[in-house]
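Written out below as structure tokens is the structure these notes cover.
The values are calculated or read from the model by the stated rules, or taken from the named source; none is laboratory data. This structure is a prediction, so every number in the text was calculated from the model and none was measured. Neighbour counts run over all protein chains shown; Cβ positions are idealised from the backbone, glycine included. Ligands, DNA and RNA are excluded from the accessible area calculation, which covers all protein heavy atoms including side chains. Shrake-Rupley method; radii C 1.70, N 1.55, O 1.52, S 1.80 Å.
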Amino acid sequence: IEYEVTLDNVARATVPTFADWAAVDLVDPDGRLRRISVHHSDPEKLALAKELHERYAPSPDAPNGVPAVVRTGRVEAAFEISDEMLVAGAKDEEHLRIARELCLRSYIVVPLVVRHQTIGAITFVTAESRRHYGQSDVDFASELARRAAVAIENANLYRRVSELATSLEERVQQRTTALAEANKELEAFSYSVSHDLRAPVRHISGFVDLARRAAGPSLDDRARRHLDTIQSAAVHMGALVDGLLGFSRLGRTELQKRPIELGTLVQSLLREIEPDTQNR
């Protein structure tokens, strides 16, 4: 997942069986090269190589070496490093002295290409072993770089998927929080409305009783039916208000499951809507 660690392990594994020196450079987002790894079996020479790189960092426009490989995406190799090559590449006498002291014999620089974009390079150098690279070594180094690039691509994909998963989880949490707040507001609204409806319903029932008692025997059958209808509607309205109150509390109570006789429920509903559906 941390591909820089993977690249460092790749470079370390090639020393000293394949290379006396191994280094990895990556291109930062601003376009500058950054050396993330360099390996050699001799700690003193390792310190010398780091000093050389820090003091004489290659120019981005250099015609050869890591900058050229990163620009072109093509492998560069020198099967034999001559003293003339060291002189031509040295920036001053001190630079030439250090380069000669390192006893460089041969080198290969292979690009790291991910999705058709060169993101860095791996450098392999022979020195004390006095070995010289050949074409088969170039092929091996190229294959190694290709596999390292696949590891980088997989790490980037994994990181991207992880970021998307985290983002999705955050959005789900935000939506869940918003939904919970909306439910609370709905519960509060339902409770407030149902509570406010109770008083008018009680008033209707109370005044129907008062009217019935005040009229007494003077009520004819038609007026008595009207009052019965009003009373029945008020009772029904009270039941609906109680149901609304119960519904508003559902979000705060555990769901109770039980068997129910659907035929009885349907018949009850039919009787409930029958006054509104007669002759229609």
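Relative to the current alpha-carbon distance between residue 278 and residue 132, full extension at 0.36 nm per residue lengthens the span by 42.1 nm.
Calculate the FRET efficiency for residue 245 and residue 160 from the Cβ-Cβ distance with a Förster distance of 51 Å, rounded to the nearest 0.05. Don't jump to the answer; show the numbers that get you there.
Numbers: r = 50 Å, r/R0 = 0.98.
Efficiency, from the Cβ-Cβ distance: 0.55.
Legend: calculated FRET efficiency, residue 116 to residue 178, from the Cβ-Cβ distance at R0 = 45 Å, rounded to 0.05, equals 0.60. For a quick check, take a GNM of the chain with Cα springs below 10 Å and name the residue from 77, 19, 199 with the largest mean-square fluctuation. Looking only at 77, 19, 199, the largest GNM fluctuation is found for 199. Ranking of 184, 45 by solvent-accessible surface, largest first: 184, 45 (1.4 Å probe, protein heavy atoms only, all chains present). Could you give me D for the chain, from Stokes-Einstein at 25 °C and 0.890 mPa s, where the hydrodynamic radius is the Kirkwood radius over C-alpha pairs? Units µm² s⁻¹, please. D = 91 µm²/s. With all protein chains present, how much of the accessible area of the chain (probe radius 1.4 Å) comes from carbon and sulfur, to the nearest whole percent? Taking all protein chains in place, the chain shows 56 percent carbon and sulfur surface. Of the GluC sites (Glu not before Pro) found in the stretch 1-76, the ones in coil according to DSSP and having at most 12 other Cβ atoms within 10 Å of their Cβ are 2.
Sparse packing (at most 15 other Cβ atoms within 10 Å of the Cβ) combined with a DSSP loop state is found for the following trypsin sites (Lys or Arg not before Pro) in the stretch 77-143: 91, 115, 130, 131. Applying D = kT/(6 pi eta Rh) to the stretch 1-108, where Rh is the Kirkwood radius over alpha-carbon pairs, T corresponds to 37 °C and eta to 0.692 mPa s, the Stokes-Einstein value obtained is 221 µm²/s.
Rounded to the nearest 10 square angstrom, residue 191 shows an accessible area of 100 square angstrom against a 1.4 Å probe.
D for the stretch 135-280, whole µm²/s, Stokes-Einstein with Kirkwood Rh over alpha-carbon pairs at 4 °C and 1.567 mPa s: what number? Taking Rh from Cα pairs, D becomes 57 µm²/s.
Relative to the first principal axis of the alpha-carbon coordinates of the chain, what is the inclination of helix 43-55, with its axis defined by its Cα atoms, in degrees from 0 to 90 and to the nearest 10? That works out to roughly 80 degrees.
Given the C-alpha atoms of the stretch 2-59, compute the convex hull and give its volume per residue in Å³.
In the stretch 2-59, the Cα hull volume divided by residue count equals 82 Å³.
GNM remark for the chain: springs join alpha carbons under 10 Å apart, and the peak mean-square fluctuation among 263, 65, 89 falls on 263. Could you report the stretch 4-43's accessible area per residue, 1.4 Å probe, as an integer in Å²? Dividing the accessible area of the stretch 4-43 by its residue count gives 49 Å².
Taking all pairs of different Cα atoms in the stretch 128-216, averaging 1/r and flipping that mean, what Kirkwood radius in angstroms comes out? It works out to 21.1 Å. Binning the C-alpha pair distances of the stretch 177-231 at 5 Å intervals from 0 yields a P(r) profile of 4, 17, 16, 14, 9, 9, 8, 7, 6, 5, 3, 1, 0 %, listed from the shortest bin outward.
If I build a Gaussian network model for the chain, linking alpha-carbon pairs within less than 10 angstrom, which residue out of 219, 186, 269 has the largest mean-square fluctuation? With Cα springs under 10 Å in the chain, the top fluctuation among 219, 186, 269 is at 269. Think of the chain as a dipole: +1 on every Lys or Arg Cβ, -1 on every Asp or Glu Cβ, centred on the Cα centre; then among 239, 278, 60, 278 lies furthest on the positive end. Straight-line cross-link partners of residue 45 among the lysines, defined as a Cα under 24 Å from its Cα and at least 8 positions apart when in the same chain: 91.
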